[in-house]
Amino acid sequence: MNKPNFKDEMNRRKCKIEYKELNEEIKPALHNKKFFLRTYGCQMNVHDSEQIRYYLEALGMQEVDTLEDSDVVILNTCAVRENAKEKVFGFLGRAKHLKKNKPDLIICICGCLMQEPNEVDEIEKNHKYIDIVLGTHNINEIPNMILDRTLKQNIEVLSNSDVVYENVSYKRDSNITAWVNITYGCNNFCTYCIVPYTRGRERSRKKDCVLKEVQALKDAGYKEITLLGQNVNSYGRDFEDEKYYFANLLEDVAKIGIDRVRFVTSNPWNFTDELIDVIAKYDNVMPYIHLPIQSGSNSILKKMNRGYTVEEYKELFDKIKERVPGVSITTDIIVGFPNETDEDFEATMNIVDYCKYDGAYTFIYSKRVGTPAAKMDDSISQEVKEQRLYKLNELVNKYSLESNKRYVGKEVPVLLMGVSEKDPTKAYGYTDTMKLVNVENGINEIGNIVNVRIEEAKSFSLDGKMVK
Ligand code: SF4
């Protein structure tokens, strides 16, 4: 396994995209063997696990819900926050214990955490019971690595990848909504973020392949697709021979006519007017945008290398609100970034007051080895960070409830996704603005878009009745 000096390797590489068609002939050599697949982290990992699930089932294996019933264990890991790592090593302890009684158990670990050389070192030195280690760039190697398993630990982590795989097969979690990758990697290098180091340089899929995949999903009866990338706004920036960007792709996807088109995630710095126009123009492009701000302080945004100021973000926010009627906007916010002052935090509270977000994912800054921010001095106590997160959540929840209350008494279209976990007599689904709704008498309509009269609002969900 080659373990390059990561930072130099990254800076030295100029990403020349290599497109590879995956035409996998996978023989069902492991009939009736059972697999247990656990996924940590973001939508990218959830979608990668749909690819892994396809491979294991193609090998003739069956998925089980309990570790103890499995013959192969796969952990698809996340590296975004420290606690993601703790969860993985906590779970590995159980797998290690099981292997004592089940020596043929195959333990495989992949995903973003394995793209960090120091984590792979840790596994090579202290976790010999793990059979297979691979990263985010070579998931398609999993079937062969399982079939070629020997007593020796097999580590295959590519430090980076210029490759874009097309024609990838998935065993999707849902037959109603589907993820569609459009880009891999990220070039933004926000100073706190490990993703550019774990997912590599930005690479866009070919537009024809994306459009073909969306058409196939529509023909298969899917009601909704979500275009997926670390920063979808950067789609096409790496094309050398064509000026075809995210706004163009979104328009062509919308024209295919699938009921609901969504996309995630957008970095505000390159959210164009053309993109806003396409969102406003097509009824099947959902009026929901996740627009991470991360901080309301310009000095913190600078230290984060986010590429925009609070003023520019507000201008974009206002433009979207003005040009996309009824649009719902959510965000991500980090508190406790190194040396965040009381004034910086107050500025974050002020931007939340200004935007009155429909919802927000809030986090305490988590130091990630290998990122520039990890080298920054940090004098703020954990106690202060927790107090700030508490105050922020109170404010965010207040606006989320206010936004939900505006739906009470209204009839809105809801795509019913499944049986509600909270109340199995109800179905759950989402409005076009991505509001979670628990729907009375909706069970028989799961998979359809139905009209629902909203009767009650809570901070994070709505309750309603299907209207005949
Ligand atoms: S845009 Fe920034 S936060 Fe998002 S994945 Fe890229 S580097 Fe990370």
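When GLY307, GLY296 are checked against the criterion of being in contact (Cβ under 8 Å) with a residue 60 or more places away in the chain and outside any helix (DSSP H, G or I), a single residue qualifies: GLY307. Set side by side, the residues LYS255, LYS319, LYS281, LYS302 differ, and just one is within 16 Å of the ligand (Cβ to nearest atom) and surrounded by fewer than 16 Cβ atoms within 10 Å (Cβ to Cβ), which is LYS302. Among the residues of segment 421-442, those identified as modelled with pLDDT under 95 and open to solvent by less than 60 Å² (accessible area, probe 1.4 Å) are ASP423, GLY442. Checking each residue in segment 333-364 for being charged (D, E, K, R) and touching a residue at least 60 places away in the same chain (Cβ under 8 Å) picks out only ASP358.
Could you pull out the residue among LEU151, LEU158 that is assigned to a loop (DSSP other than H, G, I, E, B), touching a Gly at 6+ places or on another chain (Cβ under 8 Å), open to solvent by 30 Å² or more (accessible area, probe 1.4 Å) and away from the ligand (no atom under 16 Å from the Cβ)?
Details: LEU151 fails: touching a Gly at 6+ places or on another chain (Cβ under 8 Å).
Exactly one residue qualifies, and that residue is LEU158.
Can you find a residue in segment 229-240 that is among the polar types (S, T, N, Q) and away from the ligand (no atom under 16 Å from the Cβ)? The answer is no, given that none of the residues of segment 229-240 is among the polar types (S, T, N, Q) and away from the ligand (no atom under 16 Å from the Cβ).
Filter segment 338-358 down to the residues that are under 22 Å from the mean Cα position of the chain (by Cα) and under 13 Å from LEU392 (Cβ atoms) and list them by number.
Let us first name the residues in segment 338-358 that are under 22 Å from the mean Cα position of the chain (by Cα), namely 357-358.
Answer for segment 338-358, where residues must be under 22 Å from the mean Cα position of the chain (by Cα) and under 13 Å from LEU392 (Cβ atoms): just TYR357.
Here segment 85-97 is the region considered, the condition is being of a type outside the set (Phe, Trp, Tyr) and out of contact with any helix residue (DSSP H, G or I) (no Cβ under 7 Å at 6 or more places or on another chain), and the residue that is farthest from VAL120 (Cα to Cα) is HIS97.
Is it the case that some residue within segment 188-202 is more than 16 Å from the ligand (Cβ to nearest atom) and either surrounded by fewer than 19 Cβ atoms within 10 Å (Cβ to Cβ) or at pLDDT 95 or above (or both)? Checked against the condition, which is being more than 16 Å from the ligand (Cβ to nearest atom) and either surrounded by fewer than 19 Cβ atoms within 10 Å (Cβ to Cβ) or at pLDDT 95 or above (or both), segment 188-202 yields no hits at all. Residue pairs whose Cβ atoms lie under 7 Å apart, separated by 6 or more positions or on different chains, with the first residue in segment 75-103 and under 16 Å from PHE363 (Cα atoms) and the second part of a loop (DSSP other than H, G, I, E, B) and among the polar types (S, T, N, Q), are ARG81/SER366; GLU82/SER366. The number of residues in segment 381-420 being open to solvent by 40 Å² or more (accessible area, probe 1.4 Å) and under 30 Å from GLU343 (Cα atoms) comes to 14. Every condition in (1) modelled with pLDDT under 95; (2) within 16 Å of the ligand (Cβ to nearest atom); (3) open to solvent by less than 10 Å² (accessible area, probe 1.4 Å) holds for ILE182 except the one numbered (1).
Yes/no matrix, rows are residues, columns are (1) among the β-branched types (Val, Ile, Thr); (2) open to solvent by 40 Å² or more (accessible area, probe 1.4 Å); (3) touching a residue at least 24 places away in the same chain (Cβ under 8 Å):
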residue	(1), (2), (3)
SER204	no, no, yes
LYS212	no, yes, no
ASP219	no, yes, no
LYS223	no, yes, yes
GLY236	no, no, yes
TYR244	no, no, yes
ASP259	no, yes, yes
PRO268	no, no, yes
GLU274	no, yes, yes
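HIS137 fulfils the conditions (1) more than 30 Å from ALA254 (Cβ to Cβ); (2) in contact with a helix residue (DSSP H, G or I) (Cβ under 7 Å, 6 or more places away or on another chain); (3) open to solvent by less than 20 Å² (accessible area, probe 1.4 Å) except for a single criterion, (2).
The values are calculated or read from the model by the stated rules, or taken from the named source; none is laboratory data. Nothing here was measured: the structure is a model prediction, and the numbers come from that model. With ideal geometry, Cβ positions are generated from the backbone for all residues, glycine too; neighbour counts draw on all protein chains shown. Surface accessibility is based on the protein's heavy atoms, side chains included, excluding ligands, DNA and RNA. Shrake-Rupley method; radii C 1.70, N 1.55, O 1.52, S 1.80 Å.
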